[in-house]
Amino acid sequence: MSLPPNVITNDDLKKNGLETTNEWIVQRTGIRERRVTDAETASSDLAIAASLQALEDAGIDAKDLDLVLCATATGDYVWPATACIIQQAIGATKAGAFDLSAACSGFCYGVSTATGFIQSGMMDKILVVGVDTLTKHLDWKDRSTCILFGDGAGAAVLSACAPNEGVLSSVLGADGSGLKSVWLPAGGTRTPINAETFTDSASEHDTHLQMNGREVYEFAVKIVPQTILEALDKACLRPSDIDLLVMHQANIRILHSAAERFGIALDRLVVNVDRYGNTSAASIPIALREAADSGKLHKGDIVVTMGFGAGLTWGANVIRWTRDYGI
Ligand code: UT7
């Protein structure tokens, strides 16, 4: 995992003139602070740092990778893919590279895609990176969005394992009718950013992340349990089999409602939204790293990852963890 060093607390936002309070943000979201990149740092900088750590931790040489798959909604450029920047920087000379756009569900989509390539026998070793620097696209005067997001990256190396180990099942879903529930309107081919379009405050507004928080919240509380149950069912497992629940970190209330729904004790629910806010595609791999470091993740554990976000998209993976950290 990799996070920028600059910490912005809720009180910092208030001090900067935002009409909010620490109490409101903590109560409604669980967020206390977030990390924010400086002007010189782009998504690939965080992604490369996380990728190098993942390779070292896995004991795998970058030259042995078949694919670099980067899940991001905030690539360094509109194109080419940020995965190519990572591929070159880490020296993955024999790997293909592409980006995957599934916003906060990106890491789950990436793990599912990588699993498919490996299970088909087409590839052996794949680096999956989740990175986002959404703070670059925030309107810091919009209290309904700017309090929520932070920057970060997480990476994992996936490789072939024995049957009934590793990724046991995957569920991916999407509902494009929710396109405008959380989106960034300008900068694509529908509304390119150029001197002609960038003329008034309305179009300036379109260059920032926009969200109907209530809509996304209602979508999340419905889709989270449904998707987890579907993924467990595909793996012939039940909620009581879950050793660790690693969900996308958008709001502590969404995390707690899922844990409560499945009777999961809070020490089996990984939380980092309090310290990093919503880091989009990075939140799940960061949570996995922290779970491993704190001794919460063991070889043989049933780990359920679940992500949801813009698109609208959602995804889950049920994993029998194969790695022993000796903690
Ligand atoms: O990764 C996926 C993307 N996003 C999400 O998952 C976000 C999901 N949604 C949420 O987490 C919640 O909907 C929010 C945290 C964004 C908002 O919480 P809420 O309980 O749904 O609040 P609300 O939007 O209904 O706003 C309630 C009130 C409003 O005031 P009035 O109209 O009741 O007078 C807002 O204007 O709170 C006000 N408000 C704030 N007050 C202080 C909104 N933002 C703030 C703020 N500080 N930062």
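Scanning the stretch 271-309 for residues that are assigned to a loop (DSSP other than H, G, I, E, B), within 16 Å of the ligand (Cβ to nearest atom) and open to solvent by less than 10 Å² (accessible area, probe 1.4 Å) yields N272, G277, T279. Among residues of the stretch 71-95 being in contact with a Cys (Cβ under 7 Å, 6 or more places away or on another chain) and touching a residue at least 24 places away in the same chain (Cβ under 8 Å), the one that is nearest to H208 (Cα to Cα) is T82.
In this structure, does G30 turn out to be within 24 Å of G309 (Cα to Cα), within 16 Å of the ligand (Cβ to nearest atom) and not assigned by TED's automatic domain parsing to the domain that holds S257? Criteria met by G30. Could you list, in sequence order, the residues of the stretch 238-270 that are outside any helix (DSSP H, G or I), surrounded by fewer than 18 Cβ atoms within 10 Å (Cβ to Cβ) and under 21 Å from the mean Cα position of the chain (by Cα)? Selection gives D243 alone. As for the stretch 74-83, it holds no residue that is under 23 Å from Y217 (Cβ atoms), assigned by TED's automatic domain parsing to the domain that holds R35 and assigned to a strand (DSSP E or B).
There is no residue in the stretch 1-9 that is surrounded by 14 or more Cβ atoms within 10 Å (Cβ to Cβ), within 25 Å of V216 (Cβ to Cβ) and within 13 Å of the ligand (Cβ to nearest atom).
Pairs meeting the criteria (first residue in the stretch 170-196 and among the β-branched types (V, I, T), second residue in a loop (DSSP other than H, G, I, E, B), beta carbons under 7 Å, at least 6 apart or on different chains) are V182/A310; T191/P185; T191/T197; T191/D206; I193/A186; I193/G187; I193/T207.
Of all residues in the stretch 33-54, those satisfying the criterion of being farther than 19 Å from V128 by Cβ and either within 13 Å of the ligand (Cβ to nearest atom) or not hydrophobic (A, V, I, L, M, F, W, C) (or both) are E33, R34, R35, T37, D38, E40, T41. In the stretch 212-225, what residues are under 18 Å from the mean Cα position of the chain (by Cα) and open to solvent by 50 Å² or more (accessible area, probe 1.4 Å)? Correct list: Y217, V221.
For every residue, the table says whether it meets (1) at pLDDT below 95; (2) open to solvent by 10 Å² or more (accessible area, probe 1.4 Å); (3) in contact with a Cys (Cβ under 9 Å, 6 or more places away or on another chain); (4) not in a strand (DSSP E or B).
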| position | (1), (2), (3), (4) |
| --- | --- |
| I60 | no, yes, no, yes |
| V68 | no, no, yes, no |
| V128 | no, no, yes, no |
| G154 | no, no, no, no |
| V157 | no, yes, no, no |
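Could you look through the stretch 213-229, keep only residues that are over 15 Å from H248 (Cα atoms) and touching a residue at least 24 places away in the same chain (Cβ under 8 Å), and pick out the one that is nearest to the ligand (Cβ to nearest atom)? For the stretch 213-229, the residue satisfying everything is G213.
Let's see how each residue does on (1) within 26 Å of A291 (Cβ to Cβ); (2) free of Cβ contacts under 8 Å to residues at least 40 places away in the same chain; (3) not aliphatic (A, V, I, L, M):
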position: V7; (1), (2), (3): yes, yes, no
position: L18; (1), (2), (3): no, no, no
position: R32; (1), (2), (3): yes, no, yes
position: G59; (1), (2), (3): yes, yes, yes
position: A97; (1), (2), (3): no, yes, no
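When we screen L55, L13, L18, L46 for residues that are of a type outside the set (F, W, Y), assigned by TED's automatic domain parsing to the domain that holds V78 and touching a helix residue (DSSP H, G or I) at 6+ places or on another chain (Cβ under 6 Å), the only hit is L55.
Yes/no matrix, rows are residues, columns are (1) away from the ligand (no atom under 14 Å from the Cβ); (2) crowded, with 23+ Cβ neighbours inside 10 Å; (3) assigned to a strand (DSSP E or B); (4) polar (S, T, N, Q):
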{"position": "T115", "(1), (2), (3), (4)": "yes, no, no, yes"}
{"position": "I118", "(1), (2), (3), (4)": "yes, no, no, no"}
{"position": "M123", "(1), (2), (3), (4)": "yes, no, no, no"}
{"position": "T145", "(1), (2), (3), (4)": "no, no, no, yes"}
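The values are calculated or read from the model by the stated rules, or taken from the named source; none is laboratory data. What you are looking at is a predicted structure, and each value in this text was computed from that prediction instead of being measured. Heads up, the Cβs are rebuilt from the backbone with ideal geometry, glycines too, and the neighbour counts pull from every protein chain shown. For the accessible areas, the whole protein counts, side chains as well, though only heavy atoms, and no ligand, DNA or RNA atoms are used. Shrake-Rupley method; radii C 1.70, N 1.55, O 1.52, S 1.80 Å.
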